[in-house]
Every structure is written in C-alpha cells, then in structure tokens.
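First up is the structure itself, then whatever we jot down about it.
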Amino acid sequence: MDYPFTQPTALEPPEEWAQLRDECPVARIRMASGDEALLLTRYDDVRGMLADPRFTHNLTQPDAARIADSESGGVFNEGSMVSDMSSGEGHLRWRRMMSRSFTAKRVNALRPRIEELAHGLIDDMEASGAPADLGAALGFPLPVFVICELLGVPADHRDRFAHWSDAMLNLTRYPQDELDTAAAEFHEFMASHVRGKRRSRATTCSASWPRSSTRRTAGSARPS
C-alpha cells in the first residue's frame, strides 16, 4: 500500500484511515522514498509508541524508529529498538551547548525580528489572494526563516534552506534520490557556511587583539 493517501479535499481525511482503523490498525506501507514502514492508525497505539522508551526519533540512525505526524496516526520504520536519547549523555551534551543560545533574555530579544518575519509572510500571503494555505504560507516557512536568522544564513538562501528542511524531514513526500540530493546540498552549504563564519571570527579577533607599540627583544625586562 502506497503512502501518503490521497485526500478528497484539503480538510477531509482519506477514506483509508477509517478503513485501516477498523480492519488493520498496524498496516504495512511503502513511502515515497521507497522505504517500507508500518502505519499505526489508532490513537492509543500511536500514543503508546510515542511514550515507549524503546523507540526514538533519530534520523541519524537508519534502523531507529521514525515517526511522522499524520491525522491520529503514525508511521515508523521497522528495525531494532533503540534506547531513547532524550536522557542519554549525547542528548545532554547537545542541550548544554545549545541552551546558552536559548535563554529567556536572548529569545525575548528575537521577538521583534520574528514578528517582522511573520508580518512579511502574512503580507505575501494576502498579496497572493484567495485561497490561502496558512500552513504553507506561514506555518512552515516561519520557523525555517527563524532558524536561518539564528544561523546567520543570508535571506537569499532561505528558499533553498526551506526545501532542504522539507525534503529531509518529510518522510512521505520525496523519493530517495531527492532526499539524498537535499542532504548532500545541505551538508555542503553548511560546511561552507561554518568555514566562512570561522574565518570571519578569526579575522575580527585578529584585528581587535591589542598590540603593544614597543617590541620586546629576547632577554629584555618586562615592564613593571
């Protein structure tokens, strides 16, 4: 069975959901990437899986459980059950590194810029006329744009960044070759971006480092 299912209308769920909930609550499916997975269609089953520490959402481990949001259902790849990283040392290390960038003071300082980005997206949506897709016009691009701001990604790269994010995080829309291409392009871009930031920081530090106007020679006395 191919997934995702076709929706009759934008707000109406596919007929397959109700059928599977009644007849096959754990169904084998094939996603757009070509991967086979199991689809859970009952709320209690999905809730139980999300709370089970044997499953984790870890895109760096192909054999880990992968969960995709959907209407009262969930998709996960079959494979070995792994320990939840939310309490592991690796997770704690990343939290310590990132927490300094997300203090209440720093987040509040971002509020005006986030509001500016949101208003800009809403203006673009209104200019496009009806009908409007709030998720596509605001719900998806806004967090991507904010992440770009945090990373210092130039505005003219936002659309590419949004495509890479969508391709790598959406488990049902893109075939495997597009996923691989997006991941490679994202890795190449971010590696170049980080190198540029490091060069800029090194240049700034070098230019601002205090230099003594008097050069000391070997054996000369230190100034008192």
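The values are calculated or read from the model by the stated rules, or taken from the named source; none is laboratory data. These numbers come from a predicted model, not from an experiment. When we count neighbours, we look across all protein chains shown, and the Cβ atoms used for this are built from the backbone with ideal geometry, even at glycine. Note: areas computed on protein heavy atoms with side chains; ligands, DNA, RNA excluded. Shrake-Rupley method; radii C 1.70, N 1.55, O 1.52, S 1.80 Å.
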**Request:** Six or more apart or on different chains, Cβ under 6 Å: which pairs go from a residue in the stretch 159-181 that's under 17 Å from Asp35 (Cα atoms) to one that's modelled with pLDDT under 85 and open to solvent by 50 Å² or more (accessible area, probe 1.4 Å)? Could you list them?
**Result:** Thr172/Pro4
**Request:** Give the number of residues within the stretch 6-49 that are part of a loop (DSSP other than H, G, I, E, B), open to solvent by less than 30 Å² (accessible area, probe 1.4 Å) and at pLDDT below 85.
**Result:** 2
**Message:** For the stretch 62-179, give me every one of the helices (runs of 4 or more DSSP H) that falls completely inside it and has 3 or more residues that are at pLDDT 85 or above.
**Reply:** 104-128, 141-151, 158-169
**Request:** Determine if the stretch 135-158 includes at least one residue that is aromatic (Phe, Trp, Tyr) and open to solvent by 50 Å² or more (accessible area, probe 1.4 Å).
**Result:** yes
**Request:** Inspect all residues belonging to the stretch 182-193 and state whether any of them is surrounded by 10 or more Cβ atoms within 10 Å (Cβ to Cβ), modelled with pLDDT under 85 and either out of contact with any His (no Cβ under 9 Å at 6 or more places or on another chain) or assigned to a helix (DSSP H, G or I) (or both).
**Result:** no
